[in-house]
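Comments concern the structure below.
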Amino acid sequence: MNWDLLFQLLINGLIVGMLYGVVAMCFVLIYKSTQVVNFAQGEFLVLGAWVCWFFIMKMQLPFVLAFLFAMAFMTIFGIVVQMVVLRPLIGEPIISVIMVTIGLSIFMQALMNWIFGNSAERFPAVFGENTVSIGGLQVETAYLMSLVLSVLVMGLFYYFFKFSRYGLAMRATAYNQQVAQSLGISVKQVFSMAWAISALVSCIAGVVLGLVNAVSNSLAIIGIKVFPAVIVGGLDSIIGAVVGGVIIGVLENMAEFVDGQFLHIGNMYTVAPFYVLIIILMIRPYGLFGTKDIERI
């Protein structure tokens, strides 16, 4: 057994899992606030990466400034999407809103193909060293950046929901929209804020993934890969999103190790998270941290 490879993949799995957790939090944030599953989350991630790449390569801005501009752009984009596309659907059946997010996903894919093309584009060199040695293991600098940003975003999420006025308003809206509105909370404003934060965080994840894998429209598949993490953790649990992301990240890399060393099937990296998703849903249909919803029929 190749122990060095095992530890390398384990570290990579933890780091990638943290990033999955950040993207999963975007799903949970929108679902808790609006009861909608955003199937265009992967496209939000790709658009943020493309916008940052555009500012660097076409506008010749330094990486940090381009990153900030991309985050600002995606924040505004999230608000516009909520106001123009989703706000008119308030009060409509949830399935109708979900179908709209699927349509938005297809539209964004087509638009990005038209504007940026189908080929992958790399960011220019951002770090002086591409890899860093940790305990004798080589870890990509972009992965370390991903880890730092993931922990920072999670910390900001905790502070926002625990102590800020808007975070408490968002939690109240997630608990009961009618009660929140009776207390003077603008539910429409909370919805816009949820989509803005989701788009902003997706931009951060997209740029980090673009630094590692290059920017291409195929990165949108992350939205589907993260979905098992959301369901495993619980669709309405922020903590569950983080835990689910780490589980899926580690599981993917461990499946790759077992497959490469012993099974030689060739696709365990891709399908293993969905096997675990099915098993966990059979045992805990609401996920590890999800809230049980009991209704009378």
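The values are calculated or read from the model by the stated rules, or taken from the named source; none is laboratory data. These numbers come from a predicted model, not from an experiment. In this analysis, Cβ positions are derived from the backbone assuming ideal geometry, glycine residues included, and neighbour counts consider all displayed protein chains. The protein model used for the area step is the full one, side chains on, heavy atoms only, and it has no ligands, DNA or RNA in it. Shrake-Rupley method; radii C 1.70, N 1.55, O 1.52, S 1.80 Å.
Before moving on, here are some points about what is shown:
- Being part of a loop (DSSP other than H, G, I, E, B), polar (S, T, N, Q) and open to solvent by 40 Å² or more (accessible area, probe 1.4 Å) holds for only one residue in 118, 113, and it is 118.
- Taken over region 167-192, the criterion of being assigned to a helix (DSSP H, G or I), open to solvent by 30 Å² or more (accessible area, probe 1.4 Å) and not aliphatic (A, V, I, L, M) is satisfied by 171, 175, 177, 178, 181, 182, 188, 189.
- Residue in region 88-99 that is modelled with pLDDT of 90 or more, among the hydrophobic types (A, V, I, L, M, F, W, C) and open to solvent by less than 60 Å² (accessible area, probe 1.4 Å) present: no
- Considering only residues in region 44-73 that are open to solvent by less than 10 Å² (accessible area, probe 1.4 Å), within 14 Å of the chain's Cα centre (by Cα) and not small (Gly, Ala, Ser), the one that is nearest to residue 194 (Cα to Cα) turns out to be 44.
- Here region 38-63 is the region considered, the condition is being in a loop (DSSP other than H, G, I, E, B) and in contact with a Ser or Thr (Cβ under 6 Å, 6 or more places away or on another chain), and the residue that is nearest to residue 89 (Cα to Cα) is 38.
- Screening residue 265 on (1) in a helix (DSSP H, G or I); (2) farther than 30 Å from residue 172 by Cβ shows it passes everything except condition (1).
- Positions within region 195-239 being open to solvent by 10 Å² or more (accessible area, probe 1.4 Å), over 27 Å from residue 287 (Cα atoms) and either part of a helix (DSSP H, G or I) or basic (Lys, Arg) (or both), in sequence order: 211, 212, 213, 217, 218
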